[in-house]
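The values are calculated or read from the model by the stated rules, or taken from the named source; none is laboratory data. Owing to the predicted nature of the structure, the values given are computational and were not obtained by experimental measurement. Ideal geometry is used to build each Cβ from the backbone, glycine not excepted, and the neighbour counts take in all protein chains shown.
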Ligand code: ZN
């Protein structure tokens, strides 16, 4: 049994399709999504449809939440505001209901999934260092938890202390816990434009982060054609 765990798709269909194709090639049997299906890029409906067709476990991301609210977007920066206004216009009632019903934290088999943090899952704060990771570990009751939100893949390991690993793969050890950011499928921000997702190999007790090239040109053209800010297309190439 192998899980493909992805998130922060952000309506980037080309990136999402590349991840799914790679996952199939790698022999993944199950899919799991850590949230932020929509927001930023031009294919929110298609990305949502794929997730729903697969019927995979999903948790809610901050963009999934924001997209179905009718609150003012005054506080957001102009780039995010424009993208969110556009995304809200694209979603129908049924899609909004699906997103609205997503939970913040879920357990799947023997692991947990959350979008941002386990200590304040609906607060949408960011885990950017080992102290943030320690706060989440206090609320982690499974050996393994997968998350997203920072758009930067990272593996935190907790034994006597909490440390980020340098490697992008880990052999799970008894007695240790792991809090693993799967990176972003549709809008990586670690300076590497390639899509990111994780494979959890249950039998071998191994987690590996994979990076893949995808048809970025098409994703960028669609963003421009949709009338979304050009910067949203440009930043995909920069990986930030
Ligand atoms: Zn995100």
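Here are some notes:
- Yes/no for residue 92 being farther than 20 Å from residue 3 by Cα, surrounded by fewer than 17 Cβ atoms within 10 Å (Cβ to Cβ) and more than 16 Å from the ligand (Cβ to nearest atom): yes
- Looking across region 191-240, the residues that are over 22 Å from residue 21 (Cβ atoms) and in contact (Cβ under 8 Å) with a residue 40 or more places away in the chain come down to 191, 203, 225, 226, 227, 228, 229, 231, 232, 235, 238, 240.
- Check on residue 53, free of Cβ contacts under 8 Å to residues at least 40 places away in the same chain, within 18 Å of residue 208 (Cα to Cα) and away from the ligand (no atom under 12 Å from the Cβ): no
- For region 75-89, residues that are away from the ligand (no atom under 14 Å from the Cβ), within 23 Å of residue 121 (Cα to Cα), at pLDDT below 95 and touching a helix residue (DSSP H, G or I) at 6+ places or on another chain (Cβ under 9 Å) total 1.
- Residue 214 fulfils the conditions (1) part of a loop (DSSP other than H, G, I, E, B); (2) surrounded by fewer than 18 Cβ atoms within 10 Å (Cβ to Cβ) except for a single criterion, (2).
- Evaluated against (1) in contact (Cβ under 8 Å) with a residue 40 or more places away in the chain; (2) assigned to a helix (DSSP H, G or I); (3) surrounded by fewer than 22 Cβ atoms within 10 Å (Cβ to Cβ), residue 48 falls short on exactly one condition, (3).
- Extreme residue, nearest to the chain's Cα centre (by Cα), among residues of region 153-164 that are within 28 Å of residue 63 (Cα to Cα) and more than 16 Å from the ligand (Cβ to nearest atom): 155
- Test result for residue 23, within 16 Å of the ligand (Cβ to nearest atom), surrounded by 13 or more Cβ atoms within 10 Å (Cβ to Cβ) and touching a residue at least 24 places away in the same chain (Cβ under 8 Å): no
- From 64, 43, 8, residue being away from the ligand (no atom under 11 Å from the Cβ) and modelled with pLDDT of 95 or more: 43
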